[in-house]
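Just so you know, all these numbers are worked out from the coordinates, no wet-lab data involved. Predicted, not measured: the structure shown is a model, and the values here were computed from it.
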Amino acid sequence: MWLIKHQYTSQAPDSPTSAAASEPEHFTVPAQGGAFDFTATAHCTGVTAGWRIGLRRDGVGEVERMLETVRLAVRETARRFPVFEAARAEEAANRNVSDRLAEMAAEPDGPRTWTVRVELRPPDEVLDAMRESALDRYRIEAKAEADALRLKKTDDLRVRWQRFLEESAANPTARYAVRLTQEPHQAAETLGTLQKERRESAEELLEHVTRLAEALQSADILGLVVNSETVLRKTLALMGVRMAPIDDDSPLVPADETV
């Protein structure tokens, strides 16, 4: 049982109001579904004119009425929330308690002003499951972020290597530049190799052009083309196909009409 204990303070003549906090009130309320209970702790502070209020469990009265109102308000609120949502349930319970106490204070014979702060805590087995779930979620998210970062870095590296290879393929001196970055002390040898390969490439090109020119001279490509054009025109004429005459300035005009 509860009984209000009044104690006059030394500041009563000078202070119109004073406040005192009671012992925390502990009780349990069911969560949504009723399978688990929240442990509720209510911290109550009473304010009255010139008096400091203490509580004793050996009587009934205003304090018990206030606490019963708090219990009912917290209970009806907690039933609307799953046991895993203690924070949301606590916030809603405090709003409900504040509204109920304001209604009580507005009654003609209502109690003096009380301020109550409620804390809700899920049972230990629920807290253990929530901790493990939070750790699992963190591990999954951390691994996903690491994989995404690895993929991004790999793709960036691929693009860089691709650009490097494309630029190197278009530049004949790129491989020598790479060699110099790896062996800068062999710069003279590398430059000598570059000049030697360029000289050999020029000689091979000159030799190839020479062979091609000789082949064209021996084949008399122009004569072959002219003769082919003449044969084609005579064949089409025999078939009755009319063709436009060849321009006199054309290189395809044969020097001799006989084929």
**Q.** Distant-in-sequence amide H partners of D37 (H built 1.01 Å from N, under 5 Å)
**A.** A31
Q | HN-Hα J in Hz across segment 67-72 - Karplus 6.51, -1.76, 1.60, θ = phi - 60°, x for Gly and Pro | A | 5, 5, 4, 5, 4, 5
Q. Ordered by residue, what ³J(HN,Hα) values in Hz, to whole numbers, does segment 195-203 give under the Karplus form 6.51 cos²θ - 1.76 cosθ + 1.60, where θ = phi - 60° and Gly and Pro are x?
A. 5, 5, 5, 5, 5, 5, 5, 5, 5
